[in-house]
Amino acid sequence: MLFSKSRGTLPPQVGASIGILPNGARVLDQLQLYDAVESLTEPLSTATIGYADGFSFSSSYPKIINERFGFPIAFLDRQKLLEILYLRYPHHEKIRLGEKVSSIDNLDNITTVTTEDGSSYQGNLVIGADGVHSMVRQEIWRFSEESNSSSRTVQERSDLTAEFRCIFGISSPIKGLNAGEQVNAILNGVTIVTIHGKNGRLYWFVIQKLDQKYTYPHFPRYTKDDTRVAAEQLKHLRFHKHLTFGKLWENRETASMTTLEENTFKTWHHGRLALLGDSVHKMTPNIGQGANMAIEDAAALTNLLRDLLAWGGTSLPTDTQIDTLLHQYRAIRHGRVYSIYRSSRFLVRFQARDGLINSLLSRYYAPHAGDLPAEMASKTIADGVMLNFLPPPKRSGAGWEKYRKTERLWSWNIRIAIVLRPVDYLLSIPGKDIRGKLIDAFNEWLQVPPEKLAIIKGIIDMLHTASLLVDDIQDASRLRRGHPVAHEIFGVAQTINSANYAYFLQQERLRELNDPRAFHIFTQALLDLHRGQGMDLYWRDSIFCPTEEEYHRMVIYKTGGLFRLALELMQTQSMVTTDLSKLIDLLGLIFQIRDDYMNLQSGEYAEKKGSMEDLTEGKFSYPVIHSINAVPENTILVDILKQRSEDNEIKMRAVQYMESTGSYAYCREVLSRLNKQARSHVEDLEASLGPNHGVHFILDLLHVDVSNRKTYK
């Protein structure tokens, strides 16, 4: 265990305070740690909320939470919690303090972590709980980009944003602020929160709206002088009765200022690297769930690791097992975390009175909402993760069952965590996103409004993902994008259901386009897709070799179906009515013929989907169709397809035969001809619609490099 933020002290002096809510407390209790935590805390019982105009009201929501769940909302020094964890951990020699990670390397099922002092440590899994500026996350991004397996990481670098900052600290007791109380001062653009802990020890936060929205990595960094200057400017603010922030500042024992970053990342892992806590989901302190979400992450990941090790016996987990486990970890956690993150985003803006609606709601609705804070908190707490191999805590409350999201859970969390889990699994393994690139390219001409374009992209991405889930079942595939196929993890029935559910979800989203034509366009595209797939399956299962013309028609239905759907939905939102269907059909043909060709030529395809997988599936791909029709009397290729063999020697014989019939050369000639036709057509369109660099880029992307082709002998 490397503790990079420590300077060698035991326990390390980092942070100010930490809030433990019932969902985090429950896990600590299972680990027999909560008794020590409880001895240092004062359970909250009341909250007072005040406004700039002098109005205030009280809420007993903290007491209600304690009664419902058997654990209170409580705060303590972060250093004290770390001390408890350190003293109760039996293997102090495994903790390394003050060692900052400089690089991480993967090789042969082993991950090596190198620190700035030159030390190196090896293991089978690296878990980055290293905060918002995570070095492990940087390494995950680096590995993803080096392997060209994800274009998402480029976008994710700018997804982390900040619109608020926080001065946080600990102060000695102040008369008038009683232990067990919480005070929230909801001012204009500023929120002051004080938590009154054991013996009146004060934990406080001052949250301010920044002058602009900042994007990673260009966040403001603050020195001690910056903190002092900012605090001096706020000293006059009254936060409770006659007390001003200046009194808190005078009594401070420690204080600091930081930017409040916000995001829930989509990428949670890569290879043998995984993230938890603030390194993968960063939220503001208003909702008090940051540390508790990290505790839940650790519990969920521990449950999965224990199950894997128990199942695997003494053998070390393989890369595939680790990869599958980490996909499951993300699928379990992402939906819950994202829901709480969204609540956090709302609450920080609500309490800062950010905008007219929040100003009105916070001042005139919240004081009369009764137990609404307790209701909202209960719903975020009740679905917390526990360790499934330890007994549940003896202390409990009726709230765990009552507020477990029954109907809401089925409509949201279960939908994401169970019904859509196979879809989420495949979405977490990004492909080359040719459809997204195609949409962006055509938008150079169509100029669809950004919010409508995002809807269309989401619809196409989900439909494509759902169709891949079904394809993999129908083709009996074993790999997809270099990972185990979804149905081997979640089962055939659940995967089919997930795919069908995703289709209907996208049909529901069509309403967001506000165009009556969208439903007919969508239905026609799905009919075409299934017609094309039906033709493909019929040829395979009947051992019937189609003509090239029949193949072209199938591709226009199947591959071109989603291309055409994207284009036609875009045109419902565009002023451009030019017929672009010919170009779409050409791009669909190029894409599919190239895909068929690369499946039997590319080493990259062998890694991602399996060696010459189309032959194992018995698929009548383009090279196969040409080769059979070139010498109809020779049945060797048909005989091999009938076998559905996984034997590479047999498949190599088929490849050599196709080489001998000139089928690969023919594919390259056809691809070259189609590419030229497409470019010529693009030039004609550019004469009236203007230049389109995106389409030319896609045609470059789909170009087959003849010089690097394989030759089989």
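Just to be sure I understand the filter: pairs with C-beta atoms under 6 Å, separated by 6 or more residues or on different chains, first member in the range 482-495 and within 16 Å of Ile429 (Cα to Cα) and in contact (Cβ under 8 Å) with a residue 12 or more places away in the chain, second member not in a helix (DSSP H, G or I) and not charged (D, E, K, R). Which pairs pass?
That search, which allows pairs on different chains as well, returns His483/Ile429; Val485/Ser477.
Determine, yes or no, whether Leu275 is touching a residue at least 40 places away in the same chain (Cβ under 8 Å) and more than 34 Å from the chain's Cα centre (by Cα).
Judged against the criteria, Leu275 is not a match.
Of all the residues that make up the range 646-699, how many are of a type in the set (S, T, N, Q) and either within 30 Å of Val576 (Cβ to Cβ) or not in a helix (DSSP H, G or I) (or both)?
Adding up the residues that qualify gives 7.
For Leu248, indicate whether it is surrounded by 15 or more Cβ atoms within 10 Å (Cβ to Cβ), farther than 21 Å from Gln79 by Cβ, of a type outside the set (Lys, Arg) and at pLDDT 95 or above. Can you show your working first?
On the way: surrounded by 15 or more Cβ atoms within 10 Å (Cβ to Cβ): yes; farther than 21 Å from Gln79 by Cβ: no; of a type outside the set (Lys, Arg): yes; at pLDDT 95 or above: yes.
No.
Only one of Ile650, Ile698, Ile625 is within 39 Å of the chain's Cα centre (by Cα), modelled with pLDDT of 90 or more and surrounded by 14 or more Cβ atoms within 10 Å (Cβ to Cβ). Can you tell me which? Steps first, answer last, please.
Numbers: Ile650 fails: within 39 Å of the chain's Cα centre (by Cα); Ile625 fails: within 39 Å of the chain's Cα centre (by Cα).
Going through Ile650, Ile698, Ile625 in turn, the sole match is Ile698.
Yes/no per residue for (1) more than 30 Å from Ile49 (Cβ to Cβ); (2) not in a helix (DSSP H, G or I):
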| site | (1), (2) |
| --- | --- |
| Gln122 | yes, yes |
| Ile127 | yes, yes |
| Asp130 | yes, yes |
| Ile140 | yes, no |
| Trp204 | no, yes |
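If you check every pair at least six apart or on different chains, which have Cβ atoms under 6 Å apart with a residue in the range 331-342 that is in a helix (DSSP H, G or I) first and a residue that is of a type in the set (Val, Ile, Thr) second?
Between residues of the range 331-342 that are in a helix (DSSP H, G or I) and residues that are of a type in the set (Val, Ile, Thr), the close pairs are Gly335/Ile416; Val337/Thr264; Tyr338/Thr264; Ile340/Thr380; Tyr341/Thr264.
Does any residue of the range 163-173 turn out to be in contact with a Leu (Cβ under 8 Å, 6 or more places away or on another chain), assigned to a loop (DSSP other than H, G, I, E, B) and modelled with pLDDT under 95?
Taking the range 163-173 as the starting set, the residues that turn out to be in contact with a Leu (Cβ under 8 Å, 6 or more places away or on another chain) are 163-167, 169-173.
Narrowing the set further to residues that are assigned to a loop (DSSP other than H, G, I, E, B) leaves 172-173.
Checking the rest, the ones that are also modelled with pLDDT under 95 come to none.
No - not one qualifying residue is present in the range 163-173.
If you take the residues of the range 25-47 that are over 9 Å from Phe75 (Cα atoms) and among the hydroxyl-bearing types (Ser, Thr, Tyr), which of them is surrounded by the fewest Cβ atoms within 10 Å (Cβ to Cβ)?
Out of the qualifying residues, it is Ser39.
Would you confirm whether or not the range 617-631 contains a residue that is touching a Lys or Arg at 6+ places or on another chain (Cβ under 8 Å) and assigned to a helix (DSSP H, G or I)?
No, the range 617-631 has no match at all.
Would you pick out the residues in the range 96-136 that are touching a Phe, Trp or Tyr at 6+ places or on another chain (Cβ under 6 Å) and farther than 20 Å from Gly271 by Cα?
Once the filter is applied, which keeps residues that are touching a Phe, Trp or Tyr at 6+ places or on another chain (Cβ under 6 Å) and farther than 20 Å from Gly271 by Cα, the range 96-136 yields only Leu97.
Among the residues in the range 67-90, are any surrounded by fewer than 18 Cβ atoms within 10 Å (Cβ to Cβ), farther than 25 Å from Met283 by Cα, small (Gly, Ala, Ser) and in contact (Cβ under 8 Å) with a residue 40 or more places away in the chain?
no
For the range 430-543, list the helices (runs of 4 or more DSSP H) that sit wholly inside it and hold at least 2 residues that are of a type in the set (A, V, I, L, M) and under 30 Å from Gln321 (Cα atoms); which are they? Explain how you work it out, then say what you get.
Numbers: elements: 434-446, 450-474, 486-490, 492-509, 517-542.
Counting at least 2 such residues, we get 450-474, 486-490, 492-509.
Taking interchain pairs and intrachain pairs at least six residues apart, which have beta carbon atoms under 7 angstrom, with the first residue in the range 172-190 and touching a residue at least 24 places away in the same chain (Cβ under 8 Å) and the second surrounded by fewer than 17 Cβ atoms within 10 Å (Cβ to Cβ) and acidic (Asp, Glu)?
Every condition considered, the pairs that remain are Ser172/Glu253.
For residues in the range 91-131 being closer than 24 Å to Gly24 by Cα and more than 29 Å from the chain's Cα centre (by Cα), which is surrounded by the most Cβ atoms within 10 Å (Cβ to Cβ)?
So, considering only residues that are closer than 24 Å to Gly24 by Cα and more than 29 Å from the chain's Cα centre (by Cα), the one surrounded by the most Cβ atoms within 10 Å (Cβ to Cβ) is Ile95.
With Thr324, Thr259 as the choices, which residue is outside any helix (DSSP H, G or I) and not basic (Lys, Arg)?
Thr259
Quick one: would you say Arg349 is assigned to a loop (DSSP other than H, G, I, E, B), in contact with a helix residue (DSSP H, G or I) (Cβ under 7 Å, 6 or more places away or on another chain) and crowded, with 17+ Cβ neighbours inside 10 Å?
No, not satisfied.
The values are calculated or read from the model by the stated rules, or taken from the named source; none is laboratory data. Model, not experiment: these values are computed from the prediction. Don't worry about glycine lacking a Cβ; one is built from the backbone with ideal geometry, like all the others, and counts go over all protein chains shown.
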